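Have a look at the structure below before the remarks.
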Amino acid sequence: MTTTLISGATVVNADGRQPADILICDGKIAALAEPGTVTDADEVIAADGQFALPGVIDVHVHFRDPGMTHKEDWLTGSQAAALGGVTTVFDMPNTVPPVDTVDHFRLKAAEAEAKCIVDYGIYGLLGEHNLDQLDALADAGVIGFKLFLGNTTGDLPCPSDGAVLEGFEILARSGLRCSIHAENSPILFWRQNRMKAAGRTDPYAHLAARTDVVAVEALTRSAVLAEWTGARIHIVHESCAASIPYIQWFKSRGVDMTVETLPQYLYLSAEEMLEPGGHILRMNPPIRQKSHQEPLWSALLDGTIDMLSTDHAPHAVDEKDGDTIWDMACGFPGVQTSLPLMLHAVSQGRMTLEDIARVMSAAPARAFGLFGRKGVLRVGADADIALVDPSAAHQISAAGLASRGKLTPYDGWTVKGNVRRTLVRGQTVAMDGKVVADPGCGQMVRPQMPPAAPRNTATTTEAIQSPDNRPW
């Protein structure tokens, strides 16, 4: 039995904080003890004046491996995560090949097993061509599924509404959550093509193609189909203040829907795209006008928006440049900077450390069937811990990113709040700005979701194919 003692820290969970020494045995939290009452351990970590947060769970990253490793891979992406206090990541399926079959899932899982230094989940793809693979992918161990209603890196086609409905009917039986890129593809491509024909190539053109109704329509359509089928859904990278009343309404109806937003939607604005270097901000959905920021902050803090993720989406530096806005790759790294940015919000009085524990750890764990093992610091949980110093100021720099995507819109920002040490299942993987773990020490996580609750099963696509089916 290997033991580690973290002494002198204040333990923070979503429901409060307490001074406590953390005793870790074989990767699990064995005790939260009165300070100074435990003295015997194989390793002692002095954390006086620091705060112990549950390790961050980022349910939305693109580590690009396999197939696009010039942008990122499981090692560099997970190193960035570790430096940022992120102990579990869920990787999206739009790699090459996409995670649309069990064989492709196993290919990606092998890469992660060999390289990743934090724990990880792997999404399966919900596509029109692989509906017959969804049950097998669920059995193989995917953390959930991803549905791209809007375009993305990898150019995976948006399924028809009929295929989405059938996919939700299948996923409702498994109980796994489906994360949804909620943008209306036909509208955004129509508008984009009209602007290209008119000669619009300026930075604002990207936002204009994806005006607010593009997000609102796709969200409401997804929620209607989820309510009808009983599928569990998660709306990723919510950027739009106009979506908030619809989220509240569908949740009030009992739709099992969770929602995330991103630091970039809280801190950055479309107006900045007109400044030198502003093209870096191009991403999907777009960073919107500054007027969206305060409603999104409020929705995150009151629980309408459940959690904070990053959509960590690195590209090679030259891919983020081009002659027009349409030639520039969408997305940028975020997994290393998200926790420091939110610690900075604490220093400004905008949120509390307990809020961080809720929106970056507890809520993701609850939504994806990990809470109790992950997302909380309590006896029996995995010892996934971010030791932070909220008073330590430091400067974010592109050169300091572990990601291969050496571009960040936060380059040169001074933030108050720093990650001092990150532990995954009791093992220190990063400390004082340096990675100290060997490749492959991360483990894949599998969800333990509540019982499935499918609805309207007599009229599913499968059911109506039987000649004996009668809808009355």
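Listed from fewest to most Cβ neighbours within 10 Å, the set SER185, SER466, SER309 follows the order SER466, SER185, SER309.
Taken as Cα centroids, region 374-403 and region 13-57 sit 14 Å apart, rounded to the nearest whole angstrom.
Quick note on region 222-364: its Rg to Rh ratio, both from C-alpha atoms and Rh being the Kirkwood radius, is 0.99. Oblate is the label for region 115-157. Its Cα gyration tensor axes, ordered a ≥ b ≥ c, give a/c of at least 1.5 and b/c at or above a/b.
Highest mean first, the peptides 82-93, 314-325, 277-288, 452-463 sorted by other C-beta atoms within 10 Å per residue fall in the order 82-93, 277-288, 314-325, 452-463. The value of relative contact order for region 48-149, using C-alpha pairs under 8 Å at least six residues apart, is 27 percent. Listed by chain and number, the lysines whose C-alpha is less than 25 Å from the C-alpha of LYS115, apart from same-chain residues fewer than 8 away, are LYS28, LYS71, LYS146, LYS374, LYS406, LYS434. Taking only the Cα atoms of region 66-183, the radius of gyration and Dmax are 14.1, 43 Å. As an equivalent ellipsoid, region 301-358 spans semi-axes of 31, 12, 10 angstrom, where each value is the square root of five times an eigenvalue of the C-alpha gyration tensor, largest first.
Sorted ascending by nearby beta carbons within 10 Å, beginning with the fewest, CYS240, CYS25 become CYS25, CYS240. Close amide H pairs (under 5 Å, H built 1.01 Å from N) link ALA430 with THR422, VAL436, residues at least 5 positions away or on another chain. For region 119-273, taking Cα atoms only, Rg and Dmax work out to 16.2, 49 Å respectively.
Legend: ranking of residues SER347, SER7 from fewest to most surrounding C-beta atoms inside 10 Å; resulting order SER347, SER7. Treating each Cα of region 17-135 as one equal point scatterer and applying the Debye formula with no solvent, the log10 of I(q)/I(0) at q = 0.13, 0.15, 0.19 Å⁻¹ comes out as -0.65, -0.76, -0.97. Amide H contacts under 5 Å for ALA329: LYS320, ASP321, restricted to partners 5 or more places along the chain or on a different chain, H placed in the peptide plane at 1.01 Å from N.
Just how far, in whole angstrom, is region 194-250 from region 308-341 if you go by their alpha carbon centroids? Here the answer is 20 Å between Cα centres.
Shape class for region 315-466, computed from the alpha carbon gyration tensor (a ≥ b ≥ c): oblate, with a/c not under 1.5 and a/b at or below b/c. Of the three principal axes defined by the Cα atoms of region 396-436, the extents in descending order read 33, 25, 13 Å. Derived scalar couplings between HN and Hα for region 52-57 equal 9, 9, x, x, 5, 10 Hz in order, rounded to whole Hz, by the Karplus curve 6.51 cos²θ - 1.76 cosθ + 1.60 (θ = phi - 60°), x for Gly and Pro.
Overall size of the chain from C-alpha positions, given as principal axis extents largest first: 70, 59, 40 Å. Computed 3J(HN,Hα) for region 427-438, one whole-Hz value per residue from the Karplus formula 6.51 cos²θ - 1.76 cosθ + 1.60 where θ = phi - 60°, is 9, 5, 10, 7, 7, 6, x, 10, 7, 10, 9, 7, glycine and proline marked x.
Relative contact order for region 4-88: 28 percent, from Cα pairs under 8 Å spaced at least 6 residues apart, divided by residue count. Counting only DSSP H runs of at least 4 residues, each contributing -39500 (n - 2.57), and dividing by the residue count of the chain, the helix-based mean residue ellipticity at 222 nm comes to -8000 deg cm²/dmol.
Here, region 350-430 is characterised by an Rg to Rh ratio of 1.02, where Rg is the alpha-carbon radius of gyration and Rh the Kirkwood radius. Amide H contacts under 5 Å for VAL11: GLN18, ALA20, ALA52, restricted to partners 5 or more places along the chain or on a different chain, H placed in the peptide plane at 1.01 Å from N. For the chain, the relative contact order is 22 percent, taking Cα pairs closer than 8 Å that sit 6 or more residues apart in sequence and dividing their mean separation by the residue count.
Every number in this text was worked out from the coordinates using simple rules, so none of it is lab data. Model, not experiment: these values are computed from the prediction. Reconstructed Cβ throughout: ideal geometry from the backbone, glycine too, with neighbour counts over all protein chains shown.
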